[in-house]
Amino acid sequence: MKALEEFVSLLTRLPGIGRKSALRVAYHLLRTDRAFAQALAERIAGLQDAIVFCSICGSYTETDPCPVCSSPARDRSVICAVEQPQDVVTIEGSREYRGLYHVLGGLISPLDGVGPEDLKIQSLIARIREGGVAEVVVATNPTVEGDTTALYLKRLLEATGVSVTRLATGMPVGGDLEYADRLTLARSFRGRTKL
Amino acid sequence: MPFSSIRYAAFRNLVDAELDLAAERVFFVGENGQGKTNLLEALYYLAYGVSFRGQVDAEAVKRGAAEFSLSGRCSEALSDSPILSEEVFVSWAERVKTIKVQGKPVRDRKILVEKNPTIVFCHEDYSFAAGEPERRRFFFDQAAGLISLSYIDTLREYKRILRQRNAALREGRFDLLDLLDQQYVGRGIELMAARRRLQREFDDRFVLRFEAVSLLGREVRLRYRPSWSGEEGIAEILAKLAAKRSEETALGTSLSGPHRDRWSFAVGAENFAATASTGQLRLVSLTLRLVQAEYFTEMTGRLPLLLFDDVLLELDRSKRRRFLELIPPAGQAFFTFLPGEPWEEYRTDSTLVYEASDGRFAN
């Protein structure tokens, strides 16, 4: 069945979907209501037209500038630098942060041939130069590449006079020491704070 | 944790079977090529998910078969009720290895290190005494990792930073090297501190045990020479790296750091490996394993599983006896013997003996 094989082969290119899952999805779609399959196909086809990058912060949005960048209620003195657009959604979910965002579009990794010039760092500096920004919070992952990017931003941005901070790493809130993985625990020890 | 049984299918030359292993000591006796070492390798696979011979998984599949599977039951003590035992499962099929404990997939093999701490004494260990410096680093990293999983994490981080740093050197990314150096030195210093500790802990133990078996009459000491030995703190090491940068950039590789640390054995000021006999070098590697097992128990309060693959064969009769007396307490110990060896002398009431022939084991 060529149509089925082609569909399954395309599905397996998606992250987290192996051949077995792809087959399950394909058979489910064969059995399902035609209107549902039609609606799904239309959404997939239209997704890239409906969602664009915000021309200011680089996150995903249906309107440009995005609701965060255009909201008068946000704190314009703080910019949170993240690796990818979906990180904005994650941080917004915490409802803790009321500042603005800047999506870097990757992390510095010489192994993968990604240098600072491949990231949206110049546009971040341009935003800072426009004035009013007092702090940049670097929210990259606590990995080798995330650390390198954070160190790079710190060195570069401190020359602009803004304060550069980094998200704390360590024990999860409500977590139990017993269940913390060792890397997290080791990081927590390195970053321990004075009481 | 001791194994009460093992089941294997399409693994090397072993004929598919399930074996009872519920004994403190298990002997596998047979001629060469009958499957004794393969059975130890199967146990090691269940302990760590890899071969101790450093071979790829595909080579462990029986000729003509497409996949192998192993499963073993283990518990804290052999006397535990079967209901308390856990099943460890390892399979390799279509180039994918699956490891499960109690039916749950294990994503990071590091977890297994804690579950089934196992120390193998095998022929390949000879390279710890006589091989490249990399082999000694491998041994001491393994010894440190067995008592501290965070050592494994730090080593992994260091290796990742090293690769990034080497890529930056090759690409001439000077803007990034300063940043990578900070991380590189940070993790490197942690590794060096752990290795220095290990040297202190191993040295005296090693001297005593090596002398007790070899009766050499001279102290053979363990030396550790860190690559960043002349420098005291982060700032000095960073300055050294900065001074060496043009050389490193020309070669496209990191010329100093814990991946260049040296371990050696010395008699006085002399390198022992340069003058030692083959038998003495074999004894060095066996003694390292003895100390590793003993130190592991001292640090963790746990008893490791010990696998001895034909190693007694490498010692003469009197050394063999002295060596056996030094074997530290184990959760369980597995030995392979050739039929001509005096294995009967070593057996106790709680020893299970299997005779190996053509991949089959009978008791």
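Being within 22 Å of A:Ser163 (Cα to Cα) and either touching a helix residue (DSSP H, G or I) at 6+ places or on another chain (Cβ under 6 Å) or assigned to a helix (DSSP H, G or I) (or both) holds for only one residue in A:Ala126, A:Ala81, and it is A:Ala126.
The residues in the range B:163-189 that are facing chain A (nearest Cβ under 10 Å), crowded, with 20+ Cβ neighbours inside 10 Å and more than 15 Å from A:Thr149 (Cα to Cα) can be counted, and the count is 2.
Kindly indicate the residue of the range B:319-342 that is out of contact with any helix residue (DSSP H, G or I) (no Cβ under 9 Å at 6 or more places or on another chain) and outside any loop (DSSP other than H, G, I, E, B) and also farthest from B:Ala212 (Cα to Cα) among those meeting that condition. Applying the filter and picking the extreme gives B:Gln332. In the range B:151-162, the residues that are within 9 Å of chain A (Cβ to nearest Cβ) form Cβ pairs under 9 Å with partners that are of a type in the set (Val, Ile, Thr), at six or more places apart or across chains, as follows: B:Ile152/B:Val113; B:Glu157/A:Thr143; B:Glu157/A:Val144; B:Arg160/A:Thr143; B:Arg160/A:Val144; B:Ile161/A:Val144; B:Ile161/A:Thr148. Regarding A:Pro172, is this residue surrounded by 16 or more Cβ atoms within 10 Å (Cβ to Cβ), modelled with pLDDT under 95 and either more than 14 Å from every other protein chain (Cβ to nearest Cβ) or not in a helix (DSSP H, G or I) (or both)? Criteria not met by A:Pro172. The range B:198-293 holds helices (runs of 4 or more DSSP H) entirely within its bounds, and those carrying 3 or more residues that are in contact (Cβ under 8 Å) with a residue 24 or more places away in the chain and in the same structural domain as B:Phe139 (by TED's automatic domain parsing) map to B:234-243, B:245-251. For the range A:84-121, filtering for residues that are away from chain B (no Cβ under 14 Å) and not in a loop (DSSP other than H, G, I, E, B) leaves 14. Scan the range B:117-153 for residues that are over 13 Å from the mean Cα position of the chain (by Cα) and over 19 Å from B:Met299 (Cα atoms) and jot them down. Hits for the range B:117-153 are B:Ala129, B:Ala130, B:Gly131, B:Glu132, B:Pro133, B:Glu134. Of all residues in the range B:63-71, one or more are in contact with a helix residue (DSSP H, G or I) (Cβ under 7 Å, 6 or more places away or on another chain) and at pLDDT 90 or above. The residue of the range A:139-165 that is surrounded by the most Cβ atoms within 10 Å (Cβ to Cβ), among those that are among the hydrophobic types (A, V, I, L, M, F, W, C) and within 13 Å of chain B (Cβ to nearest Cβ), is A:Val144. Every condition in (1) in a helix (DSSP H, G or I); (2) more than 10 Å from every other protein chain (Cβ to nearest Cβ); (3) crowded, with 20+ Cβ neighbours inside 10 Å holds for B:Phe138 except the one numbered (3). Of the strands (runs of 3 or more DSSP E) lying entirely inside the range B:6-90, those carrying at least 2 residues that are under 23 Å from B:Leu303 (Cα atoms), in contact (Cβ under 8 Å) with a residue 60 or more places away in the chain and not acidic (Asp, Glu) are B:25-29, B:67-74.
The values are calculated or read from the model by the stated rules, or taken from the named source; none is laboratory data. As the structure is a computational prediction, the values presented were derived from the model and not from experiment. Because the Cβ atoms are built from the backbone with ideal geometry, glycine has one as well, and the counts that use them run over all protein chains shown.
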